[in-house]
Amino acid sequence: MTLDEFLLACQRLADDAPARIAVAASPSEFAEVRTQLVGRKQGRLADLMAQLAALPPEARRDAGRAVNEVKSRIEALLDEREALVAAAARGAAAQDLTMPARRRWRGSLHPVTLVIDEIAEIFRELGFTIALGPEAETEFYNFTSLNFPADHPAMELHDTLYLGDDTLLRTHTSPVQVRTLQQYAPPVRILAPGNVYRRDFFDATHAPSFMQLEGLAVDEGISFVDLKATLSEFARRFYGGTRRVRFGPSYFPFVEPGAQMDVEVDLGDGKGTRWVEILGCGMVHPNVLEAAGLDSERYTGWAFGMGPARIAMSRHGIPDIRILYDSDVRFLEQFAR
Ligand code: PHE
């Protein structure tokens, strides 16, 4: 090869390099073009370098200068293009609107908590406030003040979890009735949610610890009409205006008369509607008012107690109460809103 031929080859490389470089659109295309042009072993520049060594000694200075010039021009173009291609690749990734969004973790309140909140909201509109009491109770508040006779079977070990001679885990939220009446003068209208404990086996319909929701209204002149009207209104608001409710007799030592309220529900199992008991209620027994230090000739009241887990189960068609205790996120996240 002559010097002229060598300089021509340099010129040709300098001429087509810009177009080759300009069409490299992605980082991988760019890497390929770079190898073809300035790769150390078989690139076009490497070929020129090999030919340079074969030129006559007096031609090498001019040839060397020419090839170095082409090299630095191509490298400058490559550097410029590389920056553009990399930026475009980053931008394309950031702007890919078809890329699925990363799923956000959504926390949720427990279905039983949601039921309690919803019921509390309805009773708040009806003038009730929230009251709380301890889960570790005395026999007095859990039983005696609530007019349980001394030999009542619920006081036996098989139903109640005792912590000591006189202390126990409350078996219901009714002790909050007496504690509230001792602390606040009537008119009293409270809702008391909380955990209660019983020596029960953990099966599909029982749990040794569960939530209860107690209600209490005490004032002068309160009658069974107030109980029926308030609880019916609650059911209308909670279940919808057309829902039928019915009251039937029931027994609890701390109410007289005692009743239960049933709601007509469709559990969605194809068996149609049926009556489901949702709460126990009644007029507060005079002995309970007296135990709390109130004059039972002057004051009367009514109370109810319900299990929000049962309500959540009937509402969502949950067949087994244990699901509510499993903390299985696949179940719980359905209630996220
Ligand atoms: N405490 C009762 C129970 O545990 C429910 C109840 C509360 C009944 C208030 C009447 C009035 O089942």
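Within region 86-97, identify whether any single residue is open to solvent by 70 Å² or more (accessible area, probe 1.4 Å), outside the structural domain of residue 195 (by TED's automatic domain parsing), out of contact with any helix residue (DSSP H, G or I) (no Cβ under 6 Å at 6 or more places or on another chain) and modelled with pLDDT of 85 or more, and answer yes or no. There is no residue in region 86-97 that is open to solvent by 70 Å² or more (accessible area, probe 1.4 Å), outside the structural domain of residue 195 (by TED's automatic domain parsing), out of contact with any helix residue (DSSP H, G or I) (no Cβ under 6 Å at 6 or more places or on another chain) and modelled with pLDDT of 85 or more. The set of residues in region 240-262 that are touching a Phe, Trp or Tyr at 6+ places or on another chain (Cβ under 6 Å) and either more than 11 Å from the ligand (Cβ to nearest atom) or open to solvent by 40 Å² or more (accessible area, probe 1.4 Å) (or both) contains only 262. Among residues belonging to region 205-237 that are within 12 Å of the ligand (Cβ to nearest atom), within 28 Å of the chain's Cα centre (by Cα) and open to solvent by less than 50 Å² (accessible area, probe 1.4 Å), point out the one that is farthest from residue 189 (Cα to Cα). My answer is 210.
Within 15 Å of the ligand (Cβ to nearest atom) and touching a His at 6+ places or on another chain (Cβ under 9 Å), is that true of residue 305? The answer is yes for residue 305. Of all residues in region 159-195, those that are within 16 Å of the ligand (Cβ to nearest atom) and more than 29 Å from residue 125 (Cα to Cα) total 5. Every condition in (1) within 16 Å of the ligand (Cβ to nearest atom); (2) assigned to a helix (DSSP H, G or I) holds for residue 330 except the one numbered (1). Once region 296-317 is narrowed to residues that are free of Cβ contacts under 8 Å to residues at least 12 places away in the same chain and more than 15 Å from residue 263 (Cα to Cα), the residue that is most open to solvent (accessible area, probe 1.4 Å) is 297.
Is it fair to say residue 283 is assigned to a strand (DSSP E or B) and either under 30 Å from the mean Cα position of the chain (by Cα) or within 11 Å of the ligand (Cβ to nearest atom) (or both)? So residue 283 fits the description; yes.
Taking the criterion of being open to solvent by 30 Å² or more (accessible area, probe 1.4 Å), part of a helix (DSSP H, G or I), at pLDDT 95 or above and closer than 30 Å to residue 222 by Cα, would at least one residue in region 181-194 satisfy it? The answer is yes, given that some residue of region 181-194 is open to solvent by 30 Å² or more (accessible area, probe 1.4 Å), part of a helix (DSSP H, G or I), at pLDDT 95 or above and closer than 30 Å to residue 222 by Cα.
Looking only at region 268-280, filter to residues that are of a type outside the set (D, E, K, R) and surrounded by fewer than 17 Cβ atoms within 10 Å (Cβ to Cβ); which one of those is farthest from the ligand (Cβ to nearest atom)? Give the steps one after another, and end with the answer.
Here is the first cut: in region 268-280, the ones of a type outside the set (D, E, K, R) are 268, 270, 272-273, 275-276, 278-280.
When the remaining residues are screened for being surrounded by fewer than 17 Cβ atoms within 10 Å (Cβ to Cβ), the result is 268, 270, 272-273, 275-276.
Details: 268: 26, 270: 31, 272: 28, 273: 24, 275: 18, 276: 15 Å.
So, considering only residues that are of a type outside the set (D, E, K, R) and surrounded by fewer than 17 Cβ atoms within 10 Å (Cβ to Cβ), the one farthest from the ligand (Cβ to nearest atom) is 270.
The values are calculated or read from the model by the stated rules, or taken from the named source; none is laboratory data. Please read all numbers here as calculations on a predicted model, not as lab measurements. Don't worry about glycine lacking a Cβ; one is built from the backbone with ideal geometry, like all the others, and counts go over all protein chains shown. Ligands, DNA and RNA are stripped out before the accessible areas are found, and what is left, the full protein with its side chains, is counted by its heavy atoms. Shrake-Rupley method; radii C 1.70, N 1.55, O 1.52, S 1.80 Å.
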